[in-house]
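This report concerns only the one structure given below.
Each reported figure results from applying straightforward, stated rules to the coordinates on display, with no laboratory input. Predicted model only: the values in this text are computed from it and were never measured. Don't worry about glycine lacking a Cβ; one is built from the backbone with ideal geometry, like all the others, and counts go over all protein chains shown.
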Amino acid sequence: MKILAIDTAAWKCSVALWEDGHELAFQEQDSERDQAALLPQFVKDVMGQHTIDHLIVNVGPGSFTGIRVGLAFAKGFAMGLNLPLKGIDSFTATYVSLDSPSDILILIEARRQDVFGQRFLNGISGSPQSLTREALTEILSAQNPPLVAGSGVHFLEGLSYREVHSRWHGAQSLAHTFFKDPTLAAEPLPFYIREPDVTYSRESCASSL
């Protein structure tokens, strides 16, 4: 089973090709604005002459623009090659890539005065939410605080915490998660925790019609 995974939900462009639990190719680059331009070439380079069985895309949370770029490309690519397409969220991919610890708080970069977080306790996931510095201080000051992991851990600078790291990240963690448990993948729908940074008034929308 060959899996092509795409991750542009964070501020990077990441593509991985796996077969039966082993990585065949991987390409990743930090990028805030060029994901749409980089992604087609990354996919071409990583795929080579391989035939793909499954296409997986990161549905978020993360960068609003990045999520849309990945989903739009994945849907068009899957349709063109008649591939089954599924989505996996950032929290689940990070959690599974860490071999599912008993109590961990996954933090995803939000690029604001908060961070996206979801806690997993004994295999049960809590509600994903936007966490402020104050909320995180309270969580980590508890008698038995969770481990922490993810792209948003830097938000904890100055606090006391125990971080764990995964061997896999970006598109690698998506492919790894799907290989370990395909049932964790779902319909490729965008996963937003808050509204996009840019909104349009009804007046401006009406004037453009």
Need the list of lysines near Lys44 for cross-linking: C-alpha distance under 19 angstrom, and skip anything on the same chain fewer than eight residues off. Lys2, Lys12, Lys75
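Provide the percentage of antiparallel DSSP beta bridges, counting only those with both residues in the chain; round to the nearest 5.
Details: 26 of 38 bridges.
If I count the DSSP bridges inside the chain, around 70 percent turn out antiparallel.
Exactly which GluC sites (Glu not before Pro) in the range 1-67 are in a DSSP loop and have at most 16 other Cβ atoms within 10 Å?
Passing both the DSSP loop test and the Cβ count: Glu32.
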What number comes out for the charge environment of Ile88, summing +1 per Lys or Arg and -1 per Asp or Glu over other residues with Cβ under 14 Å away? -2
The range 20-46 residues near the modelled Asp181 label - backbone nitrogen below 18 Å, point 7 Å along Cα→Cβ: 21
Label point distance in nm, Asn82-Asn144, each placed 7 Å from Cα along Cα→Cβ: 5.3
Please compute the length gained on full extension between Leu159 and Asp34, using 0.36 nm multiplied by the number of residues separating them and subtracting their Cα-Cα distance. 41.6 nm
Highest mean first, how do 101-107, 126-132, 54-60 rank when packing is the count of other Cβ atoms within 10 Å averaged over residues? 54-60, 101-107, 126-132
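Work out, in µm²/s and without decimals, the Stokes-Einstein translational diffusion coefficient of the chain at 37 °C, 0.692 mPa s, Rh from Kirkwood over C-alpha pairs. Mind showing how you got there, number by number?
Working: Rh = 17.7 Å.
Translational D for this selection: 186 µm²/s.
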Which residue, Leu17, Leu174, Leu83, has the most motion in a Gaussian network model of the chain that connects Cα atoms within less than 10 Å? Leu83
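Report the equivalent ellipsoid semi-axes for the range 91-156 in whole Å, largest first, defined as the square roots of five times the eigenvalues of the gyration tensor built from alpha carbon atoms. Can you show the working numbers first?
Numbers: eigenvalues 62, 39, 18 Å².
With the √(5λ) rule applied to the range 91-156, the semi-axes are 18, 14, 9 Å.
Kindly provide the trypsin sites (Lys or Arg not before Pro) of the range 86-133 that DSSP labels as loop, not H, G, I, E or B, and whose Cβ sees at most 12 other Cβ atoms within 10 Å.
Numbers: sites: Lys86, Arg111, Arg112, Arg119, Arg133; in loops: Arg111, Arg112.
Loop-located and lightly packed - Arg112.
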Low-density loop cleavage sites - GluC sites (Glu not before Pro) in the range 137-166, where at most 15 other Cβ are within 10 Å (DSSP): Glu157
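Taking 0.36 nm per residue of sequence separation and subtracting the Cα-Cα distance, how much length would be gained by fully extending the chain between Asn122 and Arg194, in nm to one decimal?
Numbers: separation 72, 0.36 × 72 = 25.92 nm, distance 2.69 nm.
Answer, rounded to one decimal: 23.2 nm.
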To the nearest Å, what is the center-to-center distance of the range 95-137 and the range 3-70, using C-alpha atoms only? 23
